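Working notes for the structure below.
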Amino acid sequence: MGKEGSIIKRTSDIIISLFVLLITSPVLLLAIAAIRIESMGPAIFVQLRAGKNGKPFKMFKLRGMVENALEIGPNLTQVNDPRLTKMGKFLRRLSIDEIPQFINVLFGSMSIVGPRPEILDITDNYTEEQKKVFQFTPGITGFSQINGRQMLTPEERIRMEVEYYQSATFISDLLILLKTPLVILTNEGNV
């Protein structure tokens, strides 16, 4: 949390990630078992996303869709997406599917607070102005995630994120982190 590239941000990312992974490990193990019982395929979904400087990285999530979801539908989740499994709907409703991203934070490819990491099909079409978002490490939660989430267009989200992260502070990121559970519990802006 805090200024991009600061030692405080990286240290807080590591400490928070280790803590979250430790306390959520029973939930994570139960979710993995439930995913495997309900549908075929791996419990962890790995997808290339655009990271800092536009460099692709492998982002981890709990799989919430049928095994071959990308072969039978669009890259992005739709409202009432029929590819979602029952367990997937539950995991997404509480954002439990995001827990493996704390591993990405430990690796340094993500931060706790930062811009939403987008799929390459979207970032390949970014304008020069939109590419400014690549100055920042993508995050599990962030300014756009607590201010509209998936109801924002990619253009709105990027504009908000570039504006916010250019002047982010430890306190402003802490406020985002504190507001995130309320947004999750109310399911505000989620698809």
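Structure note, pairs Lys3/Lys52; Lys86/Lys132; Lys89/Lys179; Lys86/Lys131; Lys61/Lys131: Cα-Cα distances above 26 angstrom occur for Lys86/Lys132; Lys86/Lys131.
Across segment 115-129, computed HN-Hα scalar couplings (Karplus, 6.51 cos²θ - 1.76 cosθ + 1.60, θ = phi - 60°) run x, 5, x, 9, 6, 5, 4, 7, 5, 4, 9, 5, 7, 4, 5 Hz from first to last residue, x flagging Gly and Pro. In the elastic network of the chain, a GNM with C-alpha springs shorter than 10 Å, the most mobile of Leu62, Leu106, Leu178 is Leu178.
The residues Ile176, Ile119, when put in order of fewest to most other Cβ atoms within 10 Å, stand as Ile119, Ile176. The length gained on full extension between Glu128 and Gln166, counted as 0.36 nm times the residue separation minus their Cα-Cα distance, comes to 12.1 nm.
Given R₀ = 22 Å, what would the calculated FRET efficiency be for Leu29 paired with Leu182, taking r from the Cβ atoms and rounding to 0.05? Plugging the Cβ-Cβ distance into 1/(1 + (r/R0)^6) gives 0.25. Placing +1 on the Cβ of every Lys and Arg and -1 on the Cβ of every Asp and Glu, with no other charges, gives segment 88-191 a dipole of roughly 360 debye about its Cα centre.
In terms of the mean number of neighbouring beta-carbon atoms within 10 Å, the peptides 36-49, 92-105 order highest first as 92-105, 36-49.
Expressed to the nearest 5 percent, the antiparallel share of DSSP beta bridges inside the chain is 80 percent.
Grab the Cα-Cα distance for Ile44 and Ile103, subtract it from 0.36 nm times how many residues apart they are, and report the gain in nm with one decimal. Kindly include the intermediate steps, with their values, before the conclusion.
On the way: separation 59, 0.36 × 59 = 21.24 nm, distance 1.19 nm.
Length difference between fully extended and current span is 20.1 nm.
Could you compute the FRET efficiency for Leu174 and Lys86, with r as their C-beta to C-beta distance and R0 at 25 Å, rounded to 0.05? The calculated FRET efficiency here is 0.10. Provide, as a two-decimal number, the C-alpha radius of gyration of segment 7-186 over 2.2 N^0.38 Å, N being how many residues it has. Relative to the rule-of-thumb radius for its length, segment 7-186 sits at 1.01. Can you list residues from other chains, or at least 5 along the same chain, whose modelled amide H is less than 5 Å from the amide H of Phe60? Amide H neighbours of Phe60: Asn104.
Read-outs: derived from the displayed coordinates by stated rules, not from any lab. Keep in mind the model is a prediction, meaning the values are calculated, not measured. Virtual Cβ from ideal backbone geometry, glycine too; neighbours counted across all protein chains shown.
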